[in-house]
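The values are calculated or read from the model by the stated rules, or taken from the named source; none is laboratory data. Quick caveat, the model's predicted, so the values are computed rather than measured. In this analysis, Cβ positions are derived from the backbone assuming ideal geometry, glycine residues included, and neighbour counts consider all displayed protein chains.
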Ligand code: LMR
C-alpha cells in the first residue's frame, strides 16, 4: 500500500460544485443561477470600460512585475481606505491587500484563531456557506444567529439580538455590509445603529464582510453599516472585495482592514497579518489592485466607475422587477419569492429548495443552490419567460 492510497477525496464546495456541474451540463436551455457573477444581456460577465482604460494606462506605464511587499500595493490600500471609511475613522484603520475577499477572511481567521481561539464566530442564518468553511478550517467554532425568515419574508432583527445575547465578550459577529448573501435582505439604518451599540455594550467584535459595495444603494451609501459600527465599536475587521463592483473576479483583488481604538493598535494587528501572509502566499497579485488604484484615484475614471456600478445595480433591479412581473403573470404565490422587488444585490432566497432545485436542474437545466438561492445576476430578459414557467412548475412539484 502506498502512502497516499488511503486518502479520501474531498467533496467540492457546494457553490463551486454546482457551477462546475453547470459548465459540464449538456442541457439545451441551461441557465446558471448558481454563482454571484454579474452578467450583461448577452450572458457575458463583461470587462468594465474603466478597467480597460486603466489596463491601457498600465500597459504603457508599468515598469516592473517584481513582488509586492507582503502588505500589498500601497496606492491601492490608500485609495480604498478613503473609499470605504469616513475621515474621522481613517486614523484607526490599518489595511492589507489580499487575493480577493476570501483571502481577507482567511487571514483574519488565522489572526482570530491565534488571539481569540476560545471565542465563537457568529454567523447569520441563513449563511454564505464559505463563512463557516473558512473559520472552521482554522479550528474556530461557529454558532448561528437568526437573521432572515423565509416564511415571514423579512430580517428577524429581534431574534438576531436575542441569539447574540448569548455571545460572550470577545466573540466575533459576522455581518454583511450590504446585499446579504443569500437573502438580499439588509439591515435598515436604524437597525445598523442599534446593532452597533449592542455590539459595543457587550464587547463583541464586529466583522463586516463588504463583498457587494455599490450593489445596494451606491458606493457611499453602502458603507453606512461599516462606518456606523466602527464609530461605536473600538475594534474589529472589515473584508472588502472588488470582484463584483469592478467585475474583477479573476484578478482576486481584496483587502482586510483592522480597525483599532488607535492607529498604533490597528497597525500592530496588521503586522501580525503579515506573518500569516508570508507563510501562506507571501504577497498578493498586483494587477487587479493597480487597476482599482488607477481608477479610484483619477477623478474622471472614478466618476465613470460610479456610473458603471450604477448600471450594474440598475440591471439587477430591472431583472428583479421583471422576474416579479413574469411570476405574477404565471399566477405564482409570491410568498415563495420574498422581497424579490425590494431586496438588494445579486441574490434572492426562494422556496425552490431541495427537491424542487433538483427538479429544476434535471428537468429544465436551471441550476441554483439547494437552499433555494437564485442569482439574479445570471438572468437575462430573454430567458425570463422560460425561467418563470420553470419556477412555477417546480413549485407545483410535491
Ligand atoms: C457566491 O456566493 O456565489 C459568491 O460570493 C462567490 C463565492 O465566492 O462563493
Problem - residue 141 vs. criteria surrounded by fewer than 18 Cβ atoms within 10 Å (Cβ to Cβ) and more than 16 Å from the chain's Cα centre (by Cα) - result: yes
Handout entry: Index of the failed condition, residue 282 passing every other in (1) touching a helix residue (DSSP H, G or I) at 6+ places or on another chain (Cβ under 6 Å); (2) on the phi > 0 side of the Ramachandran plot; (3) away from the ligand (no atom under 16 Å from the Cβ)
Key = (1)
Handout entry: Scope segment 217-234; condition crowded, with 17+ Cβ neighbours inside 10 Å and not in a helix (DSSP H, G or I); matching residues
Key = 219, 233
Completion exercise
Only one of (1) away from the ligand (no atom under 15 Å from the Cβ); (2) touching a strand residue (DSSP E or B) at 6+ places or on another chain (Cβ under 8 Å) does not apply to residue 379, and that is (1)
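Condition check: modelled with pLDDT of 95 or more, part of a helix (DSSP H, G or I) and within 26 Å of residue 106 (Cβ to Cβ). Does residue 184 satisfy that? Quick ask: steps written out before the conclusion?
Numbers: modelled with pLDDT of 95 or more: yes; part of a helix (DSSP H, G or I): no; within 26 Å of residue 106 (Cβ to Cβ): yes.
Judged against the criteria, residue 184 is not a match.
Residue by residue, here is whether (1) buried (at least 24 other Cβ atoms within 10 Å of the Cβ); (2) within 16 Å of the ligand (Cβ to nearest atom) holds:
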residue: 242; (1), (2): yes, yes
residue: 247; (1), (2): no, yes
residue: 253; (1), (2): yes, yes
residue: 256; (1), (2): yes, yes
residue: 265; (1), (2): no, no
residue: 270; (1), (2): no, no
residue: 274; (1), (2): no, no
residue: 278; (1), (2): no, no
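Scan segment 242-268 residue by residue and report those that are in contact (Cβ under 8 Å) with a residue 12 or more places away in the chain, in a helix (DSSP H, G or I) and under 23 Å from the mean Cα position of the chain (by Cα).
Step one: list which residues in segment 242-268 are in contact (Cβ under 8 Å) with a residue 12 or more places away in the chain, which gives 242-249, 251-263, 265-267.
With in a helix (DSSP H, G or I) added as a condition, the list becomes 249, 251, 263, 265-267.
Correct list: 249, 251.
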Problem - Residue check for residue 64: more than 16 Å from the ligand (Cβ to nearest atom), under 30 Å from residue 237 (Cβ atoms) and not in a helix (DSSP H, G or I) - result: no
Exercise for the section: Kindly check whether there is at least one residue in segment 216-234 that is within 13 Å of the ligand (Cβ to nearest atom) and within 25 Å of residue 52 (Cβ to Cβ). Expected result: no
Problem - Selection within segment 1-49 - within 16 Å of the ligand (Cβ to nearest atom), assigned to a loop (DSSP other than H, G, I, E, B) and touching a residue at least 60 places away in the same chain (Cβ under 8 Å) - result: 13, 33, 34, 35, 36, 37, 38, 39, 45
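Among the residues that make up segment 202-212, is at least one of them surrounded by fewer than 22 Cβ atoms within 10 Å (Cβ to Cβ), in a helix (DSSP H, G or I), more than 16 Å from the ligand (Cβ to nearest atom) and over 18 Å from the mean Cα position of the chain (by Cα)? First the steps, then the outcome.
Of all residues in segment 202-212, those surrounded by fewer than 22 Cβ atoms within 10 Å (Cβ to Cβ) come to 202-203.
Within this subset, residues satisfying the condition of being in a helix (DSSP H, G or I) are 202.
Now restrict to residues that are more than 16 Å from the ligand (Cβ to nearest atom): 202.
Subsequent filtering for residues that are over 18 Å from the mean Cα position of the chain (by Cα) retains 202.
Checked segment 202-212: at least one residue is surrounded by fewer than 22 Cβ atoms within 10 Å (Cβ to Cβ), in a helix (DSSP H, G or I), more than 16 Å from the ligand (Cβ to nearest atom) and over 18 Å from the mean Cα position of the chain (by Cα).
Residue-wise test of (1) farther than 27 Å from residue 140 by Cβ; (2) surrounded by 14 or more Cβ atoms within 10 Å (Cβ to Cβ).
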| site | (1), (2) |
| --- | --- |
| 32 | yes, yes |
| 46 | yes, yes |
| 49 | yes, no |
| 77 | no, yes |
| 91 | yes, no |
| 106 | no, yes |
Problem - Subset of segment 297-337 (residues that are part of a loop (DSSP other than H, G, I, E, B) and surrounded by fewer than 23 Cβ atoms within 10 Å (Cβ to Cβ)) - result: 297, 298, 330, 331, 332, 333
Exercise for the section: Can you give me the ranges of the strands (runs of 3 or more DSSP E) entirely in segment 84-146 with at least 1 residues that are closer than 25 Å to residue 286 by Cβ, within 15 Å of the ligand (Cβ to nearest atom) and in contact with a strand residue (DSSP E or B) (Cβ under 8 Å, 6 or more places away or on another chain)? Expected result: 93-98
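Can you report the number of residues in segment 195-217 which are in contact (Cβ under 8 Å) with a residue 12 or more places away in the chain and more than 21 Å from residue 132 (Cα to Cα)? Write out each step before concluding.
Of the residues in segment 195-217, the ones in contact (Cβ under 8 Å) with a residue 12 or more places away in the chain are 195-200, 202-217.
If we keep only those that are more than 21 Å from residue 132 (Cα to Cα) too, we end up with 195-198, 200, 202-203, 213-217.
Counting residues in segment 195-217 that are in contact (Cβ under 8 Å) with a residue 12 or more places away in the chain and more than 21 Å from residue 132 (Cα to Cα) gives 12.
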Handout entry: Selection within segment 147-181 - within 19 Å of the chain's Cα centre (by Cα) and assigned to a strand (DSSP E or B)
Key = 148, 155, 172, 173, 174, 175, 176
